[in-house]
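The values are calculated or read from the model by the stated rules, or taken from the named source; none is laboratory data. Since the structure is predicted, the reported quantities are computational estimates derived from the model, not experimental observations. All Cβ positions, even for glycine, are placed from backbone atoms using ideal geometry, and neighbour counts span all protein chains on display.
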(Lines give C-alpha, C1' and ligand atoms only; values in the text may rest on other atoms or scores of the structure.)
Protein backbone atom coordinates (compact mmCIF):
# COMPACT_ATOMS: atom_id res chain seq x y z
CA UNK A 1 0.00 0.00 0.00
CA UNK A 2 1.18 3.50 -0.73
CA UNK A 3 2.32 5.86 2.00
CA UNK A 4 -0.44 8.30 3.00
CA UNK A 5 -0.54 11.09 5.55
CA UNK A 6 -3.15 11.26 8.32
CA UNK A 7 -5.27 13.79 6.43
CA UNK A 8 -5.63 11.36 3.52
CA UNK A 9 -6.44 8.50 5.88
CA UNK A 10 -9.09 10.54 7.71
CA UNK A 11 -10.65 11.63 4.43
CA UNK A 12 -10.70 8.06 3.10
CA UNK A 13 -12.29 6.69 6.27
CA UNK A 14 -14.90 9.48 6.31
CA UNK A 15 -15.71 8.88 2.64
CA UNK A 16 -16.14 5.18 3.38
CA UNK A 17 -18.61 6.13 6.14
CA UNK A 18 -20.51 8.35 3.68
CA UNK A 19 -20.68 5.44 1.23
CA UNK A 20 -22.08 3.14 3.95
CA UNK A 21 -24.82 5.71 4.57
CA UNK A 22 -25.56 6.00 0.86
CA UNK A 23 -25.85 2.20 0.61
CA UNK A 24 -28.15 2.32 3.68
CA UNK A 25 -25.79 0.08 5.66
CA UNK A 26 -25.78 2.61 8.52
CA UNK A 27 -27.33 5.93 9.53
CA UNK A 28 -26.06 9.25 10.84
CA UNK A 29 -29.26 10.87 12.03
CA UNK A 30 -30.34 11.45 15.60
CA UNK A 31 -33.29 9.86 17.34
CA UNK A 32 -35.66 12.53 16.02
CA UNK A 33 -34.18 12.63 12.51
CA UNK A 34 -31.74 15.44 13.26
CA UNK A 35 -28.23 15.72 11.91
CA UNK A 36 -26.37 13.92 14.70
CA UNK A 37 -22.95 14.25 13.11
CA UNK A 38 -23.10 18.04 13.36
CA UNK A 39 -23.64 17.91 17.13
CA UNK A 40 -20.99 15.37 18.06
CA UNK A 41 -17.87 17.59 17.83
CA UNK A 42 -19.40 20.00 20.35
CA UNK A 43 -20.28 17.07 22.61
CA UNK A 44 -16.71 15.79 22.46
CA UNK A 45 -15.17 19.22 23.06
CA UNK A 46 -17.59 20.09 25.86
CA UNK A 47 -17.80 16.80 27.74
CA UNK A 48 -14.86 14.80 26.44
CA UNK A 49 -14.61 11.72 24.27
CA UNK A 50 -15.46 9.30 27.10
CA UNK A 51 -18.69 11.11 28.08
CA UNK A 52 -19.76 11.57 24.46
CA UNK A 53 -19.14 7.88 23.77
CA UNK A 54 -21.08 6.97 26.92
CA UNK A 55 -24.04 8.95 25.56
CA UNK A 56 -23.78 7.12 22.24
CA UNK A 57 -23.84 3.65 23.82
CA UNK A 58 -26.69 4.47 26.21
CA UNK A 59 -29.55 2.05 25.72
CA UNK A 60 -33.27 2.03 26.43
CA UNK A 61 -35.85 -0.72 26.47
CA UNK A 62 -37.99 -0.96 23.34
CA UNK A 63 -41.62 -0.89 24.50
CA UNK A 64 -42.79 -3.19 21.71
CA UNK A 65 -40.09 -5.87 21.81
CA UNK A 66 -38.84 -5.42 25.36
CA UNK A 67 -35.25 -5.59 24.07
CA UNK A 68 -32.53 -3.08 24.83
CA UNK A 69 -31.55 -0.85 21.89
CA UNK A 70 -29.45 2.28 21.39
CA UNK A 71 -31.15 5.48 22.50
CA UNK A 72 -29.91 7.04 19.24
CA UNK A 73 -28.90 4.66 16.46
CA UNK A 74 -27.26 7.51 14.54
CA UNK A 75 -25.02 8.50 17.43
CA UNK A 76 -24.12 4.84 18.02
CA UNK A 77 -23.26 4.35 14.33
CA UNK A 78 -21.07 7.45 14.26
CA UNK A 79 -19.17 6.42 17.38
CA UNK A 80 -18.79 2.88 16.04
CA UNK A 81 -17.18 4.46 12.99
CA UNK A 82 -14.92 6.63 15.17
CA UNK A 83 -13.88 3.48 17.03
CA UNK A 84 -13.02 1.73 13.76
CA UNK A 85 -11.01 4.74 12.60
CA UNK A 86 -9.02 4.96 15.84
CA UNK A 87 -8.28 1.22 15.76
CA UNK A 88 -7.36 1.09 12.06
CA UNK A 89 -3.85 -0.10 11.28
CA UNK A 90 -2.97 3.32 9.83
CA UNK A 91 -4.04 5.29 12.93
CA UNK A 92 -3.49 2.56 15.59
CA UNK A 93 -4.39 4.57 18.70
CA UNK A 94 -6.80 1.96 20.08
CA UNK A 95 -5.72 -1.42 18.69
CA UNK A 96 -8.29 -4.19 18.95
CA UNK A 97 -11.26 -1.85 19.42
CA UNK A 98 -14.22 -2.79 17.21
CA UNK A 99 -17.11 -0.54 18.25
CA UNK A 100 -18.20 2.26 20.61
CA UNK A 101 -18.63 -0.11 23.57
CA UNK A 102 -15.12 -1.52 23.27
CA UNK A 103 -13.80 2.02 22.66
CA UNK A 104 -15.08 3.26 26.00
CA UNK A 105 -13.68 0.18 27.75
CA UNK A 106 -10.29 0.72 26.13
CA UNK A 107 -10.08 4.45 26.81
CA UNK A 108 -11.33 4.19 30.41
CA UNK A 109 -8.27 2.05 31.20
CA UNK A 110 -5.80 3.87 28.94
CA UNK A 111 -3.22 6.46 29.92
CA UNK A 112 -4.29 10.10 29.83
CA UNK A 113 -2.04 10.77 26.82
CA UNK A 114 -3.81 8.04 24.84
CA UNK A 115 -7.21 9.54 25.66
CA UNK A 116 -6.00 12.98 24.52
CA UNK A 117 -4.57 11.55 21.31
CA UNK A 118 -7.81 9.63 20.63
CA UNK A 119 -9.89 12.75 21.30
CA UNK A 120 -7.80 14.88 18.94
CA UNK A 121 -7.94 12.22 16.22
CA UNK A 122 -11.69 11.71 16.64
CA UNK A 123 -12.27 15.45 16.22
CA UNK A 124 -10.03 15.54 13.15
CA UNK A 125 -11.96 12.62 11.60
CA UNK A 126 -15.29 14.28 12.47
CA UNK A 127 -14.24 17.42 10.59
CA UNK A 128 -14.16 15.36 7.39
CA UNK A 129 -17.20 13.24 8.20
CA UNK A 130 -19.33 16.33 8.91
CA UNK A 131 -18.49 17.79 5.52
CA UNK A 132 -19.04 14.60 3.57
CA UNK A 133 -22.12 13.33 5.37
CA UNK A 134 -23.96 16.56 6.22
CA UNK A 135 -23.21 18.27 2.92
CA UNK A 136 -24.52 15.33 0.96
CA UNK A 137 -27.71 15.16 2.99
CA UNK A 138 -28.40 18.87 2.46
CA UNK A 139 -27.85 18.53 -1.30
CA UNK A 140 -30.35 15.65 -1.50
CA UNK A 141 -32.98 17.71 0.36
CA UNK A 142 -32.37 20.71 -1.91
CA UNK A 143 -32.66 18.52 -5.02
CA UNK A 144 -35.92 17.01 -3.77
CA UNK A 145 -37.34 20.48 -3.05
CA UNK A 146 -36.48 21.63 -6.58
CA UNK A 147 -38.27 18.62 -8.07
CA UNK A 148 -41.55 19.55 -6.35
Could you say whether any residue in segment 52-60 is farther than 23 Å from residue 116 by Cα, over 12 Å from the mean Cα position of the chain (by Cα), part of a loop (DSSP other than H, G, I, E, B) and modelled with pLDDT under 95? no
Please report, ordered by residue number, the helices (runs of 4 or more DSSP H) entirely within segment 63-148 with at least 3 residues that are modelled with pLDDT of 95 or more and in contact with a helix residue (DSSP H, G or I) (Cβ under 8 Å, 6 or more places away or on another chain). 73-87, 100-109, 112-129
Check on residue 6, closer than 18 Å to residue 131 by Cα and surrounded by 19 or more Cβ atoms within 10 Å (Cβ to Cβ): no
Report whether or not residue 42 is free of Cβ contacts under 8 Å to residues at least 24 places away in the same chain, surrounded by fewer than 12 Cβ atoms within 10 Å (Cβ to Cβ) and not in a loop (DSSP other than H, G, I, E, B). yes
Filter result (surrounded by fewer than 16 Cβ atoms within 10 Å (Cβ to Cβ) and within 27 Å of residue 94 (Cα to Cα)) within segment 61-76: 68, 69, 71
